[in-house]
Amino acid sequence: MQTYINAAGIPYRIPSMIKGTLLAFLLVFTFSCAYSQQDKIVLNLAKESLALFKNYKFYIEDVEDQRIIPGAGLGKVIALGKEVPVVFPARTDRELYNYWTFAAPKKEQTWLPLIITVKELSVNEKRVAPNKVTGEIRLSVKFRWYRNMQPVELTGYQTAASYTRPEKEYEYQRLVKQLVDQALTHFQKWMATNSGKNPALTRNLQLVFKEITQQDNDSDTVFYSPKRPLVWDDFKVRNGKPGSRYAAAVFTSFGYEGRSYPKEDDLVVEIGLKIFMVKSMSWGRPEARNASTLRHEQIHFDITRLVVEKFKERLRKADLTIEDYDSEIQYQFLEAFRQMNDDQEQYDGETGHGLNGAAQASWDRKIAEQIAAVYAVQ
């Protein structure tokens, strides 16, 4: 029996039998804590400088865990003669985020903000014979980013590794780390291959306009060109339109054809513009085929050309997005076409279809100046 002093300064004794009981309790408690630590395998993904990417133009914005059962758990393995869980120290999304951001840290604000979605990451084993264990590690991820607050799917990566081992301590970290590294390496190679080629990687939209002026002498169409004014031979119909009291009429219109292609970080939207008149739909009475009447019809053609400049300006001001630029272009085209009809009616109304000489001369000067300004800057 030993003597002790309590907090009040009063001596007391513990019988040897009780002391033995306390020591036994402490031993049991210590053993239980150690055993619980061996009830699971904790995987740590070591961050190594060798894993750093040397050339990349992306950084890890976020990692999402979309497995059926998210969290820290990865599966079950055979250890200490039984089946035990295998887990990360923290949630899987946070562990992978910390690991991948070390390998591909944010360097430039203009780099691609990559989001990685983990669809599957599992480690599972089973005993198939005495001292023989088989296992499989599976990984499936998706890569995307957000452009103008819209998700853009990029690529995916799926892999698995099977193995057979004796029933002893095993380095699960090495296999899991290898598969996780392969996923990011896959994306780096995909991005290097698709950069400047895949519209999904483009950051900005660039408009390019091209005017189609190629002429074909045998064609029924005359494309607009300031160097090629209309001639009476372009008006194939020599009789007036039945019921019409006008001397002549020219059928003019415009259209566009588009194509798009990636160029570095831009999506180039190229719009080919066609301003034309149709010979077989244009007419002039034989007695009215003179210079003043032809000039009146030429200005109709010029007005169509100027409306195309307004169409281009509409598109430059429009809210064109990479996700949906085509519908906006079509809408602005219809608006410009409506404006063309309004401008043509205004021209004919103010000039009296060319009979008002003073108004005709005013329009002639105004339109000539505007056409000269268009082609002076091209």
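The values are calculated or read from the model by the stated rules, or taken from the named source; none is laboratory data. Nothing here was measured: the structure is a model prediction, and the numbers come from that model. Here Cβ is always computed from backbone atoms with ideal geometry, including for glycine, and neighbour counts include all displayed protein chains. These accessible areas exclude ligands, DNA and RNA; they are computed on the full protein's heavy atoms, side chains included. Shrake-Rupley method; radii C 1.70, N 1.55, O 1.52, S 1.80 Å.
A few notes on this one:
Yes or no, residue by residue, for (1) in contact with a helix residue (DSSP H, G or I) (Cβ under 9 Å, 6 or more places away or on another chain); (2) open to solvent by 70 Å² or more (accessible area, probe 1.4 Å); (3) basic (Lys, Arg):
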residue	(1), (2), (3)
208	no, no, no
267	yes, no, no
276	yes, no, no
295	yes, yes, yes
300	yes, no, no
303	yes, no, no
306	yes, no, no
310	yes, yes, yes
315	yes, no, no
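- For segment 225-254, filtered to residues that are of a type in the set (D, E, K, R) and in contact (Cβ under 8 Å) with a residue 40 or more places away in the chain, the residue that is least open to solvent (accessible area, probe 1.4 Å) is 234.
- In this structure, residue 280 does not satisfy being outside any loop (DSSP other than H, G, I, E, B), open to solvent by 60 Å² or more (accessible area, probe 1.4 Å), over 20 Å from residue 255 (Cα atoms) and of a type in the set (Gly, Ala, Ser).
Residue-by-condition table, conditions (1) of a type outside the set (Lys, Arg); (2) assigned to a helix (DSSP H, G or I):
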residue: 175; (1), (2): yes, yes
residue: 179; (1), (2): yes, yes
residue: 196; (1), (2): yes, no
residue: 227; (1), (2): no, no
residue: 233; (1), (2): yes, yes
residue: 240; (1), (2): yes, no
residue: 245; (1), (2): no, no
residue: 255; (1), (2): yes, no
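- Which numbered condition residue 232 misses (of (1) more than 30 Å from residue 88 (Cα to Cα); (2) within 41 Å of the chain's Cα centre (by Cα); (3) of a type in the set (A, V, I, L, M, F, W, C)): (2)
- Flag for residue 195 being touching a strand residue (DSSP E or B) at 6+ places or on another chain (Cβ under 9 Å), within 30 Å of residue 45 (Cβ to Cβ) and of a type in the set (Ser, Thr, Tyr): yes
- Close pairs (7 angstrom Cβ cut-off, 6 or more residues apart or separate chains): among the hydrophobic types (A, V, I, L, M, F, W, C) in segment 321-343, open to solvent by 70 Å² or more (accessible area, probe 1.4 Å) and at pLDDT 95 or above anywhere: 336/310; 336/314
- First in segment 146-158 and open to solvent by 30 Å² or more (accessible area, probe 1.4 Å), second anywhere and of a type in the set (Asp, Glu), Cβ under 6 Å, 6 or more apart: 150/323
- Residues in segment 320-373 that are of a type in the set (Val, Ile, Thr) and either surrounded by fewer than 16 Cβ atoms within 10 Å (Cβ to Cβ) or touching a Ser or Thr at 6+ places or on another chain (Cβ under 9 Å) (or both): 321, 322, 351.
- Among residues of segment 93-107 that are in contact (Cβ under 8 Å) with a residue 60 or more places away in the chain, those with a beta-carbon under 8 Å from a residue that is small (Gly, Ala, Ser) at least six positions away or on a different chain give the pairs 103/51.
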